[in-house]
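Working notes, beginning with the structure itself.
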Amino acid sequence: MMIKTMLGAVAGLALFAGSSFAQDLSVKIGVLNDRSGIYADITGEGSVVAARMAVEDFNAKNPDIKVEVVSADHQNKPDIASNIARQWYDQDGVDAIFDLPTSSTALAVSEVTREKNKVIIVSGGGTSDLTGKNCSPNTIHWTYDTWSLGNGTASALVQKDLKKWFFITADYAFGHALERDTSQLVKAAGGEVLGSVKYPFPGQDFSSYLLQAQSSGAQVVALANAGGDFINSMKQASEFGIVAGGQNMAGLLVFITDINALGLEAAQGLNLTEAFYWDLNDNSRAFSDRYEKIGGKKPGMVQAGVYSSVLHYLEAIKAVGSKDAKAVVAKLKEAPIQDSLFGTVTVRPDGRAIHDMYLFQVKKPSESKGPWDFYNLVSTIPADKAFRPIEDGGCKM
């Protein structure tokens, strides 16, 4: 009888403690990205909007958990990104950092986050090294990576018998990883890499690089870059008549905002791989319409990834009743997640979030029915085929 009374008292204390914890729990998340440079359009304020939408949706069901969103501009510089992350963790009480476009900044903040035992969930950064040789128990890579991009676009083009490739590559971690991963996939599919040229990031004048590509004899001129660099190199390729001369342009990381900037006349026929498109299904359309009313444009896959990752991070905190980094990451890796934008998402032990990817082709102007109606869906790459097998990544976590 006495034992039952004691157990009842302990249970009562536990229940009280849990209730008090929930009432007192507050979470601060940081969106760290490019807010003034060449990636501002594909990440920037749009990612902050997406994070706030996720918080709004979470708090609608969990009003007792206070969530604050802060943001900063890392200017695409790893040292600035690291300094901001340290200040956020050490002085400002930030629990987790999201987005991190520019692979060099994502790699730098991943190390700081491991040291401070916090959490980062990368949506904007692309290098597959984040879940390969640089994997971390505190890092999750959510939306896409360089391997998945190469897998989608390169495989499709090689299957069309476009086997001779030349790369124009941004000279930093992202460009290197994208060229490496895509080259491996081209060769594995029976293709050949005739050459490559690296340019200082960010670039302005791509003339000399395009001339090298033009004289290489390659069937495919592959752009291992993104954002403003991709747009500028595509415009200059058009001026040089590369496609008119019989070569094919391949954008290895292309966002819908890039197509909006280029226009369908210049971008039509381009094959590209993405994790999200606003017009995929009812859920993507509903989210995108809501986002557009706030952000003024349709979201890209990075912004959709920030929404999705923030929402599930908060759900994991609620489930474990703690902000402890190891417990929250373990919860995210525990079982497949049902996500309204990405479908079934499974977070692997190496931190790679696995979900379907999509191969699109940019529409002709005559096919488009209105603003942002840019893509034809060519094929869905199932989750188990869309990302590098875990045993090939070299993660020693």
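The values are calculated or read from the model by the stated rules, or taken from the named source; none is laboratory data. Keep in mind it's a predicted model, so treat the numbers as computed, not measured. Cβ placement follows ideal geometry from the backbone for every residue including glycine, while neighbour counts extend to all protein chains displayed. Side chains included, ligands, DNA and RNA excluded: accessible areas come from the protein's heavy atoms. Shrake-Rupley method; radii C 1.70, N 1.55, O 1.52, S 1.80 Å.
A few notes on this one:
- Condition met for GLN268 (within 19 Å of GLU367 (Cα to Cα) and among the polar types (S, T, N, Q)): yes
- Scanning the range 42-60 for residues that are over 13 Å from ILE29 (Cα atoms), in contact with a helix residue (DSSP H, G or I) (Cβ under 9 Å, 6 or more places away or on another chain) and open to solvent by 70 Å² or more (accessible area, probe 1.4 Å) yields a count of 1.
- The range 250-268, residues that are closer than 14 Å to ASN232 by Cα, touching a Lys or Arg at 6+ places or on another chain (Cβ under 8 Å) and of a type outside the set (S, T, N, Q): LEU262, ALA266
- PHE342 meets all of the listed conditions (1) touching a helix residue (DSSP H, G or I) at 6+ places or on another chain (Cβ under 8 Å); (2) of a type in the set (Phe, Trp, Tyr); (3) farther than 18 Å from ALA50 by Cβ but one, namely (3).
- For the range 283-301, a residue qualifies if it is in a loop (DSSP other than H, G, I, E, B) and either in contact (Cβ under 8 Å) with a residue 24 or more places away in the chain or farther than 10 Å from GLY46 by Cβ (or both), and the qualifying residues are LYS297, LYS298, PRO299, GLY300.
- ALA244 fulfils the conditions (1) assigned to a loop (DSSP other than H, G, I, E, B); (2) open to solvent by less than 20 Å² (accessible area, probe 1.4 Å); (3) free of Cβ contacts under 8 Å to residues at least 60 places away in the same chain except for a single criterion, (2).
- Residue, farthest from the chain's Cα centre (by Cα), within the range 52-78, restricted to residues that are assigned to a helix (DSSP H, G or I) and basic (Lys, Arg): LYS61
- Residue pairs whose Cβ atoms lie under 6 Å apart, separated by 6 or more positions or on different chains, with the first residue in the range 54-76 and within 30 Å of GLY37 (Cα to Cα) and the second open to solvent by less than 30 Å² (accessible area, probe 1.4 Å) and of a type outside the set (A, V, I, L, M), are ALA54/TYR307; VAL70/GLY30; HIS74/THR105; ASN76/ASP34; ASN76/THR102.
- If only residues of the range 302-332 that are outside any helix (DSSP H, G or I) and on the phi < 0 side of the Ramachandran plot are counted, the one that is farthest from the chain's Cα centre (by Cα) is SER322.
- For the range 222-241, a residue qualifies if it is touching a helix residue (DSSP H, G or I) at 6+ places or on another chain (Cβ under 8 Å) and part of a helix (DSSP H, G or I), and the qualifying residues are GLY227, PHE230, ILE231, SER233, MET234, LYS235, GLN236, ALA237, SER238.
- Criterion: closer than 23 Å to LEU149 by Cα, of a type in the set (A, V, I, L, M, F, W, C) and either out of contact with any Gly (no Cβ under 9 Å at 6 or more places or on another chain) or open to solvent by less than 10 Å² (accessible area, probe 1.4 Å) (or both) - qualifying residue of ALA316, ALA286, ALA325, ALA353: ALA353
- Of the residues making up the range 38-47, those that are farther than 12 Å from SER123 by Cα and of a type in the set (A, V, I, L, M, F, W, C) are ILE38, ALA40.
- Failed condition for ASP282, given (1) touching an Asp or Glu at 6+ places or on another chain (Cβ under 9 Å); (2) at pLDDT 95 or above: (1)
- Hits in the range 97-115 - residues which are touching a Phe, Trp or Tyr at 6+ places or on another chain (Cβ under 6 Å) and either farther than 14 Å from ASP34 by Cα or open to solvent by less than 10 Å² (accessible area, probe 1.4 Å) (or both): PRO101, SER103
Quick grid of which residues meet (1) touching a strand residue (DSSP E or B) at 6+ places or on another chain (Cβ under 8 Å); (2) at negative phi:
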residue	(1), (2)
PHE240	no, yes
GLY251	yes, yes
ASN260	no, yes
LEU264	yes, yes
GLY269	yes, no
ARG285	no, yes
